[in-house]
């Protein structure tokens, strides 16, 4: 059974506002960025935060995870790092005509 859109919005909006307010206690003056990061999380998407050093990128990610009760891990990227280095890669095995996953 699904809730009507108005009811869902009425139940979720106060929770989202409370999350944004709580993050705002740590990340000052960045409400649009906090809202975008939270929207990305709710959409189950990926978020790449790019900015100058020392402006709070890691603090935003850590605080967002802490407020939502999630695990936080940080990766320092370099220009030669590929997604497969982190996530892993499936390698084709011609002998068995199958793929074998090798974690990153």
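Bear in mind that the values in this text are calculations on the coordinates, not laboratory data. A quick note: this is a predicted structure, and the numbers were derived from the prediction, not measured. As a convention, Cβ positions derive from the backbone with ideal geometry for all residues, glycine included, and neighbour counts pool all protein chains shown.
Give me the extension gain from residue 85 to residue 43: residue separation times 0.36 nm, minus the current Cα-Cα distance, reported in nm with one decimal.
Values: separation 42, 0.36 × 42 = 15.12 nm, distance 2.48 nm.
Between residue 85 and residue 43, full extension yields 12.6 nm more.
Among 23, 86, 49, rank each residue by its count of other Cβ atoms within 10 Å, from fewest to most, as a rough exposure measure.
On the way: 23 23, 86 11, 49 14.
Listing 23, 86, 49 from fewest to most nearby Cβ atoms yields 86, 49, 23.
Taking the 0 to 90 degree range and rounding to the nearest ten, how far is the long axis of helix 5-24 tilted relative to the main principal axis of the chain, both from C-alpha atoms?
90
Rounded to whole Å and ordered largest first, report the semi-axes of the equivalent ellipsoid of segment 5-77 derived from its Cα gyration tensor (root of 5λ). Before the final figure, lay out the partial values.
Numbers: eigenvalues 106, 36, 25 Å².
Each semi-axis is the square root of five times an eigenvalue, giving 23, 13, 11 Å.
Hey, in the GNM for the chain with a 10 angstrom Cα cutoff, which one of 38, 48, 28 fluctuates hardest?
Top of the fluctuation ranking is 48.
Sorting 97, 79 on the 10 Å Cβ count, fewest up front, what's the list? It would help to have the intermediate numbers written out before the result.
On the way: 97 7, 79 4.
With the fewest neighbours first, 97, 79 line up as 79, 97.
Can you put 31, 71 in order of Cβ neighbours within 10 angstrom, beginning with the fewest? Write out the running numbers ahead of the final one.
Working: 31 13, 71 6.
Least to most surrounded, the residues fall as 71, 31.
Is it possible to state the helix-based mean residue ellipticity at 222 nm for the chain, with each DSSP H run of 4+ residues giving -39500 (n - 2.57), the sum divided by total residues, to the nearest 500 deg cm²/dmol? What is it? Walk me through the numbers on the way to the answer.
Values: 4 runs with 49 residues, N = 104.
That calculation yields -14500 deg cm²/dmol at 222 nm.
Can you tell me how much longer the chain between residue 95 and residue 31 gets when fully stretched, taken as 0.36 nm per residue apart minus their C-alpha distance, in nm with one decimal?
Details: separation 64, 0.36 × 64 = 23.04 nm, distance 5.44 nm.
So the chain would gain 17.6 nm between residue 95 and residue 31.
At 7 Å along the Cα-to-beta-carbon direction for both residue 59 and residue 74, put a label point, then send me their distance in nm to one decimal.
Distance between label points: 1.2 nm.
Any chance you could give the angle, 0 to 90 degrees and rounded to 10, that helix 31-42 forms with the longest Cα principal axis of the chain?
50
How would you classify segment 56-104 from its alpha-carbon gyration tensor, with a ≥ b ≥ c the square roots of the eigenvalues: rounded for a/c under 1.5, else prolate if a/b is greater than b/c, otherwise oblate?
Values: a/c = 6.72, a/b = 2.33, b/c = 2.89.
Here segment 56-104 falls in the oblate category.
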